[in-house]
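This report refers to the structure that appears directly beneath it.
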Amino acid sequence: MVNLVVEDGTGLDNANSYVSVDDFRQFALENGIDVESEDDEQLAIYLIRSTNFIDSLEYRFVGTRLSVTQSLAFPRAKVCNRSHLYDMRSLKKAICFAVEVLVSGESLVPTKLNKDDFVKSEQLDVLKVQYSEEYFKNVSTYDILNNYPMIANNMRAYLKQGNFNPTVGR
């Protein structure tokens, strides 16, 4: 059985999710997401996978980890007048929307890139293909999140804008 340990806002060293199964089931009920056929074990796995997906974006988050021993990226410190980050409500919504993606059978990790997304022009006679500049760049955080607008909208406040990272330290 999966041992789901929910972060309580103190920076637990063994947490593996930001949302409990019960909280997700309530979210699903309130948002018309059908999870009746999903057992708690599977939802716990989805919650952990969704948390891992969100935490993989940590290099883009404002502030720093509250504690060096915490297992997850949140809670954050040094966020400069962003008190709304401490309650993590939007983060928890993002996790729940990510679980919805998994419940629907989709993956959160893009594994296929469509050439049509990157081909700037094609020519048939004397074969010529011109790729856009984006073809040779890594997929950015925003590109990944653009596939999931509800996750992106809820994570926006936690992400650095450009290369600017507003922090305040003592």
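Bear in mind these aren't lab numbers, they're just calculated from the coordinates by the rules spelled out. Small disclaimer: the values here were computed from a predicted structure and weren't measured. Neighbour counts run over all protein chains shown; Cβ positions are idealised from the backbone, glycine included.
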Residues S56 and N147, FRET efficiency given R0 of 22 Å [Cβ-Cβ distance, rounded to 0.05]: 0.95
Peptides 34-42, 69-77 ordered by average Cβ neighbours within 10 Å, highest first: 69-77, 34-42
Phi-based couplings in Hz for the range 62-69 (Karplus 6.51, -1.76, 1.60; Gly and Pro marked x): 6, x, 9, 4, 5, 9, 6, 9
Contour excess over end-to-end distance, with Cα ends at K78 and K160 and 0.36 nm allotted per residue: 28.3 nm
